[in-house]
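Enquirer: Before I ask anything, let me first share the structure, which is written out below as structure tokens.
Read-outs throughout are calculated quantities, based only on the coordinates presented, and are distinct from any laboratory measurement. Source: prediction; values computed, not measured. Note that each Cβ is placed from the backbone with ideal geometry, even for glycine, and that neighbours are counted across all protein chains shown.
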Amino acid sequence: LSALSDGFSLLLHTPLALAAIGGAGWGILGGALPGISPSIAMALLLPFTYGMDPTTAIVLLSATYVGAEYGGSIPAILINTPGTNAAAATVLDGYALQQQGRGGEALGISLYSAVLGGLFGLAMLVLLTEPLARVALAFTPMSYFALGILGLSVIASLSGASLIKGLAAAVLGLMVATVGSDPISGVPRFTFGAPELLDGIPPILIMVGLFAVSELFYQSSSTARQLRSTTRARLRFPSAALRRRLARPQLLGSIVGTFEGVMPGAGGTIASFIAYNEARRWSRHKEEFGQGSPEGVAAPETANNAVAATALVPVLSFGIPGSNSAAVLLGGLLIHGLIPGPQLFEQNAEVITGLYMGLFVAVLSLLGLGALMLPACLWLVNRPKAYLTAFIYALIFSGIYSIEQSLFDVGIVLAAGTAGLLMRIVGLPFLPAILGVVLGYLVESNLRRSLVLSGGDYRIFLEDPIAIALLSVACMFILGSLGMRAWRAVHRNKKIEGVTS
Amino acid sequence: VRAGGTALRVLRDLACSAALLWVAASYYLAATDISRSALGDELGARGLPTAYAALLAALAVLLLAKASLGLLRRRTARAADAPEHGQPRVGRTLRRAAGVLGIGVAYVLAVPFIGYPIAIAAVISAMAVYQGERRTVRIALVAILGAVGFWTFFELLLGIPMPAPWTS
């Protein structure tokens, strides 16, 4: 209680609330621009934090992270372009809703879910930092490999009509993830002499290419003189009935997001895909998933915003930055002489209390900021189609170039867009491919690190309790999805027989 | 992609399996070029790529088999197929997409010479014209305003150095 009162006093007497709201607003803007990742949005603010007091600086950076994780969903829903990696799972149903003229509703669901996920993650951060930190510390390369396999296990659910094509798309994604320096020996693979490829291909380039550029390619052939989009230019929060329906996927998303957040390196992308998969598994409206399901927007959005809060656990407890954004935050802590670890909670308790209060304000402010910014975004996507597509193309070129100031990256996005168009034509789904790209490096590097540790003995995976648990859950996911597909196929065949007879 | 009938769907699967086989073979050949390192582990730098190539080839063969079976079952399946109307044809899709891709490639090639503001204005106007807009003055105004807006945001506000003319 005394900490709580200290926190409120900090909020009233320092520019903490302003930093929280300003950071969240800046983060939303950064996250909404393809190419400006949460880490870039944070890094751009870093020089301004030198003159601030430590608490305000840390709140500003963390609030930017929270805002950016939410902001990624805005272009995902409106223009089929995930602003951040973690928003990739939101594209499927969010953009489908937008195409049905329900973009305002999808944005309302994503905003509402983001706030709930953020608050849940924050509560877990405050209440369970110590036990959650122990979970993070217990992770070995074997556990990370198993975590990657768990992420890949949802492929069957994301494969759409054809499991074979879904698996093939995932393998294509895994192949893309092998481009660059080998994770163990460092030898270049599939770089064809291009130094730009030595660091691998960032997943965001593939995502923007597959989703956004291929959509522009595809839409360029539509003959209908569709001068204006049919989206209702009004932000709509979910009704009471819809809120009840969304409760289950939001709870699943919150739980998945909490645990994925505390594992350094796991991040919001795996969390949002697993949450999407689980929401679909437990939904009473499975058939709506992929066609514009509100639950398909709520689950991943809750999960990746819960991650934004719980991802601070390994940073604050051990100084382990699990992502680029966490690394920037760690930089912010170190600039102000704050050394992460148990002593941070004892010696700088006011910074931690201020951080919690600042994050609380930042998460709540998403509602107000969203209500202010989203109508403008909806207005923008209702402009004449010729100009809208022209501006999206220009935004993609500018945003992608701004990541590394590289025209090579723009070329990769165009190539990925071409591949995406061909994938559409032959019916290969995008999401398994994205999952392969995102998880490929995690799986390979940790598989091989584990084998180095064991001298090539695969039994090492059976000696790690976390790996066993995660692999068991992955097996259950795979068997469950395959069983469900088989049941549906039998059901469909019976229906066809009924029709033909 | 008008793929209403089962025959077209089967054709699409056959094309897909052929493309996947080609990717698997090319990727495998490129994987054999990966040099071996003394620092390598049991699996080596080629290990997983080779496995991925084999897996993709196997999936392509499975898809081929499934598509062939689909041809045999065509009559049965036709009853349950709902034709997909209102989607553009593959040929037209590819032709139109090639134009959009061409605008993108032209941007990448030209931006080091003409600089970001002019190049991005050219992209906006070219795309608008390509999408059927015909009001020249309006196109020019929107392109100039758009380019100034993008340049102000990225260069001035974010401080990101966008391509200047004649940098290459």
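Enquirer: Label-point separation (nm) for residue B:152 and residue A:457, each offset 7 Å from Cα along Cα-to-Cβ?
Expert: Label-label distance for residue B:152 and residue A:457, simple model: 6.7 nm.
Enquirer: What average number of partner chain Cβ atoms lie no more than 10 Å from the Cβ of the residues making up A:398-407? Write out the running numbers ahead of the final one.
Expert: On the way: counts 11, 3, 0, 9, 7, 1, 0, 4, 0, 7.
Partner Cβ neighbours, averaged per residue: 4.
Enquirer: Let me ask you something else. At q = 0.12, 0.17, 0.20 Å⁻¹, what is the log10 ratio I(q)/I(0) for the range B:88-168, with the Debye formula run over Cα points and no solvent?
Expert: At q = 0.12, 0.17, 0.20 Å⁻¹ the computed log10 ratios are -0.41, -0.74, -0.93.
Enquirer: May I have the count of lysine pairs in the protein assembly as shown with C-alpha atoms under 25 Å apart, counting pairs 8 or more residues apart or located on different chains? Provide the component values of the computation, followed by the final result.
Expert: On the way: A:165/A:286; A:165/A:494; A:165/A:495; A:165/B:66; A:286/A:494; A:286/A:495; A:494/B:66; A:495/B:66.
Value for the protein assembly as shown: 8.
Enquirer: Say R0 is 60 Å: what FRET efficiency, to the nearest 0.05, do residue B:25 and residue A:371 get from their beta-carbon distance? Walk me through the intermediate numbers first.
Expert: On the way: r = 54 Å, r/R0 = 0.89.
The value I calculate is 0.65.
Enquirer: Would you mind giving the mean number of other chain beta-carbons within 10 Å of the Cβ of each residue in B:25-33, as a whole number? Intermediate results must be reported in sequence, preceding the final value.
Expert: Numbers: counts 0, 0, 5, 0, 0, 7, 4, 0, 3.
Across B:25-33, the average partner-chain Cβ count within 10 Å equals 2.
Enquirer: Something else about it: Could you tell me how many degrees, from 0 to 90 and to the nearest 10, lie between the Cα long axis of helix B:136-151 and the main elongation axis, the longest principal axis, of the Cα atoms of chain B?
Expert: Tilt of helix B:136-151: around 90 degrees.
Enquirer: Let me ask something else about it. Ignore the peptide's own chain and count Cβ atoms of other chains within 10 Å of each Cβ in A:245-254; give me the average, rounded. Don't skip to the end; give the middle numbers.
Expert: Numbers: counts 0, 0, 0, 0, 0, 0, 0, 0, 0, 0.
For this peptide, the per-residue mean of nearby foreign Cβ atoms is 0.
Enquirer: Further question: List the residues whose amide H sits under 5 Å from the amide H of residue A:189, counting only those 5 or more places along or on another chain, with H placed 1.01 Å from N in the peptide plane.
Expert: For residue A:189, whose amide H was placed from the backbone, the distant partners under 5 Å are A:180, A:181, A:182.
Enquirer: OK, next. Between the helical axis of B:6-32 and the dominant principal axis of chain B, each derived from Cα atoms, what acute angle in degrees is found, rounded to the nearest 10?
Expert: With rounding to tens, the tilt is 80 degrees.
Enquirer: Quick check on the exposure proxy: order A:325, A:450 from fewest to most C-beta atoms within 10 angstrom.
Expert: Details: A:325 29, A:450 23.
Exposure proxy ranking, most exposed first: A:450, A:325.
Enquirer: On C-alpha positions alone, give me the angle between the axis of helix B:44-72 and the longest principal axis of chain B, in degrees, nearest 10.
Expert: Orientation of helix B:44-72: about 70 degrees from the principal axis.
Enquirer: So, one more: Quick one: check the C-alpha center-to-center distance for the range B:133-147 versus the range A:238-287, whole angstrom.
Expert: The two parts, judged by their Cα centres, are 43 Å apart.
Enquirer: Please give the peptides A:137-147, B:136-146 ranked by average Cβ packing (other Cβ atoms within 10 Å per residue), highest first, as a rough proxy for protection. Don't skip to the end; give the middle numbers.
Expert: On the way: A:137-147: 21.8, B:136-146: 15.5.
Highest mean packing first, the order is A:137-147, B:136-146.
Enquirer: Turning to a different aspect of this structure: Tell me, what ³J(HN,Hα) does each residue in the range A:444-452 have, in order and in whole Hz, if you take phi through Karplus 6.51 cos²θ - 1.76 cosθ + 1.60 with θ = phi - 60° and put x for Gly and Pro?
Expert: My calculation for the range A:444-452 gives 5, 5, 7, 4, 6, 4, 4, 5, 5 Hz in order.
Enquirer: Then there is this: Could you quote the convex hull projected area for the protein assembly as shown, Cα atoms only and averaged over all directions, in nm²?
Expert: Seen from a random direction, the Cα hull of the protein assembly as shown projects 29.9 nm² on average.
Enquirer: When ranked by the protection proxy of mean other Cβ atoms within 10 Å per residue, highest first, what sequence do the peptides B:47-56, A:268-277 form? Walk me through the intermediate numbers first.
Expert: On the way: B:47-56: 20.0, A:268-277: 31.3.
Averaged packing, sorted descending, gives the order A:268-277, B:47-56.
Enquirer: Given a cut-off of under 8 Å on Cα pairs at least six residues apart, what relative contact order in percent is computed for chain A?
Expert: On the way: 955 pairs, mean separation 142.7, N = 501.
Taking the mean separation of contacting Cα pairs over the length of chain A, I get 28 percent.
Enquirer: Follow-up. May I ask you to evaluate 6.51 cos²θ - 1.76 cosθ + 1.60, the Karplus curve with θ = phi - 60°, for each residue of the range A:357-366 and list the ³J(HN,Hα) values in order in whole Hz, giving x for glycine and proline?
Expert: Going residue by residue, I get 5, x, 5, 4, 5, 4, 5, 5, 5, 4 Hz, with x marking Gly and Pro.
Enquirer: A further question on this structure: For the residue pair residue B:32 and residue A:181, what label-to-label distance in nm results when each label sits 7 Å from Cα along the Cα-to-beta-carbon direction?
Expert: The two pseudo-label positions are separated by 2.8 nm.
Enquirer: Continuing with the same structure: Return the whole-Å distance between the Cα centroid of the range A:319-394 and the Cα centroid of the range A:172-218.
Expert: Going from one Cα centre to the other spans 27 Å.
Enquirer: Right, here's the next one. Let me check the size of the range A:54-140 from its C-alpha atoms; what are the radius of gyration and Dmax in Å?
Expert: Here Rg and the maximum Cα pair distance are 15.9, 47 Å.
Enquirer: While we're here: Can you run phi through the Karplus equation (6.51, -1.76, 1.60; θ = phi - 60°) for the range A:142-148 and list ³J(HN,Hα) in whole Hz, with x for Gly and Pro?
Expert: Whole-Hz 3J(HN,Hα) from phi for the range A:142-148: 5, 5, 5, 4, 5, 5, x.
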